[in-house]
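Before any comments, here is the structure.
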Amino acid sequence: MRCANPWKAAVAAGVLLLTAACGSGGGAGEKAPAEQKTLGKGEGRVDIIAWAGYAEDGSNDPRTDWVHPFEKRTGCKVNTKIAGTSDEMVSLMKTGQYDTVSASGDATLRLIAAKDVAPVNTGLVPNYRDVFPGLKMRPFNSRNGQMYGIPHGRGANLLMYRTDKVSPAPDSWKAVFDGAATYSGKVTAYDSPIYIADAALYLMKTRPALGIKDPYALDSKQLAAAVSLLKKQRQHIGEYWSDYQKEVTAFKGGDSVIGTTWQVIANTAAAEKAPVKAVLPKEGATGWSDTWMVSAKAKHPNCAYKWLDWIVSPKVNAQVAEYFGEAPANARACRETTDPHHCAVFHAADERYYRRVHFWTTPVPQCLDGRKGVKCTDYAEWTRAWTEIKG
């Protein structure tokens with residue numbers, strides 16, 4: 001689940017229930033969608049599926065509106081459907097009623113495999129040229145050297161702790177895994193099957209004999225090891241979080257003293273006088289990057305492409321990044337933020353930082369680490385495992 005800034009947009013609650021198989025929806029003999037070759041006149045409307053906070057029209061905050069300026073400039077009326085989970089986005093895209101979606105990496109490969117989205121012709125999106133190189137041609141937004149969307153933004157899943165309760169200052173995920181008993185009942189973790197990748201990343205660095213090379217490419221033995229670690233951690237979890245305002249409240253009140261977080265949560269908690277710090281641990285971290293994808297059945301493809309170029313344009317991308325709390329995708333957006341320190345705080349241009357971040361990617365049977373002759377576990381298996389972990 002993804003939530004917009006709690007002060008500015010509706011916060012959806014719930015857990016990712018990504019049970020659909022990655023390959024479902026597209027027949028084996030079905031022809032792959034083709035990319036659009038030319039950009040024509042807008043069709044007068046565009047139907048969007050978006051996370052809360054990604055397509056603001058001023059209704060939540062009159063000062064926050066990049067939808068109406070888009071409509072005025074292009075003549076494409078925006079109709080937005082806010083989704084609360086990646087699973088909901090995948091289901092909605094299968095209907096063929098929407099033109100574009102702001103999909104996270106835990107949904108993109110399912111959309112590609114099901115042939116629900118088409119390759120994107122980046123030549124028709126002029127602002128793509130200014131997207132940070134580290135967001136182009138990634139495993140979660142491309143296939144066979146072809147982009148399947150336009151990057152929107154990115155962020156890391158960090159380790160946050162109360163400085164008055166946790167000592168010494170942690171620099172490893174060990175504090176919430178093998179060392180969780182020290183803070184039993186005060187540990188928190190993200191409430192989603194994708195959190196299994198956090199455990200896998202820790203094991204990748206601390207138990208090399210398991211052979212984990214990619215936290216999203218786990219065979220049955222590797223998944224079992226991650227599940228075992230998470231079951232041990234479960235004994236010390238005070239609560240799992242998905243609504244990040246609740247995590248802020250838990251850290252302020254002391255119900256949580258250490259656990260996974262986002263930079264925007266740490267900023268919010270600190271601004272509310274909670275004694276917290278957030279770090280990128282020495283093992284690295286998981287993270288997220290969203291991608292605007294175009295439906296293979298888009299009824300308004302020209303307006304969809306115009307929206308993709310608009311949302312990644314410097315000024316608008318800066319607005320979205322500040323409103324939502326993330327690093328923008330467009331390098332030139334850093335000159336447009338109202339807070340001159342925004343991009344530095346979110347490490348927008350720090351590719352060395354993001355090389356340590358393993359972005360959410362949908363687990364599929366074909367091992368993403370390149371192994372042959374081995375079947376990896378898919379998201380349906382991860383979802384069943386998560387239910388087992390939580391009891």
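The values are calculated or read from the model by the stated rules, or taken from the named source; none is laboratory data. Keep in mind the model is a prediction, meaning the values are calculated, not measured. With ideal geometry, Cβ positions are generated from the backbone for all residues, glycine too; neighbour counts draw on all protein chains shown.
The table below gives the values:
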{"item": "Test: residue in region 352-359 that is part of a helix (DSSP H, G or I) and surrounded by 21 or more Cβ atoms within 10 Å (Cβ to Cβ)", "result": "yes"}
{"item": "Qualifying positions in region 228-241 - in a strand (DSSP E or B) and at pLDDT 95 or above", "result": "Ile237, Gly238, Glu239, Tyr240"}
{"item": "Residue in region 207-221 that is surrounded by the fewest Cβ atoms within 10 Å (Cβ to Cβ), counting only those that are within 25 Å of the chain's Cα centre (by Cα) and within 19 Å of Gly284 (Cα to Cα)", "result": "Lys213"}
{"item": "Tally of residues being out of contact with any strand residue (DSSP E or B) (no Cβ under 8 Å at 6 or more places or on another chain) and more than 22 Å from Pro301 (Cβ to Cβ) across region 48-87", "result": "10"}
{"item": "Matching option when the condition is touching a residue at least 60 places away in the same chain (Cβ under 8 Å), farther than 19 Å from Ala318 by Cα and out of contact with any helix residue (DSSP H, G or I) (no Cβ under 7 Å at 6 or more places or on another chain), among Leu92, Leu109", "result": "Leu109"}
{"item": "Selection within region 301-341 - under 21 Å from the mean Cα position of the chain (by Cα), under 19 Å from Pro62 (Cα atoms), assigned to a helix (DSSP H, G or I) and not hydrophobic (A, V, I, L, M, F, W, C)", "result": "Asn317, Gln319, Glu322, Tyr323"}
{"item": "Qualifying residue in region 102-113 (condition: over 22 Å from the mean Cα position of the chain (by Cα) and among the polar types (S, T, N, Q))", "result": "no"}
{"item": "Subset of region 43-84 that is hydroxyl-bearing (Ser, Thr, Tyr) and surrounded by 15 or more Cβ atoms within 10 Å (Cβ to Cβ) - its residue that is nearest to the chain's Cα centre (by Cα)", "result": "Tyr54"}
{"item": "Top-ranked residue of region 182-204 - restricted to ones that are closer than 23 Å to Gly253 by Cα and polar (S, T, N, Q), ranked as surrounded by the fewest Cβ atoms within 10 Å (Cβ to Cβ)", "result": "Ser184"}
{"item": "Subset tally (residues that are of a type in the set (A, V, I, L, M), without any contact (Cβ under 8 Å) to a residue 12 or more places away in the chain and within 23 Å of Ala50 (Cβ to Cβ)) for region 126-150", "result": "0"}
{"item": "Filter result (part of a loop (DSSP other than H, G, I, E, B), among the charged types (D, E, K, R) and at pLDDT below 95) within region 242-264", "result": "Asp243"}
{"item": "Top-ranked residue of region 265-277 - restricted to ones that are crowded, with 20+ Cβ neighbours inside 10 Å and not in a loop (DSSP other than H, G, I, E, B), ranked as modelled with the highest pLDDT", "result": "Val276"}
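This table checks each residue for (1) of a type in the set (D, E, K, R); (2) buried (at least 22 other Cβ atoms within 10 Å of the Cβ).
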| position | (1), (2) |
| --- | --- |
| Asp290 | yes, yes |
| Pro314 | no, no |
| Cys367 | no, no |
| Gly370 | no, no |
| Lys390 | yes, no |
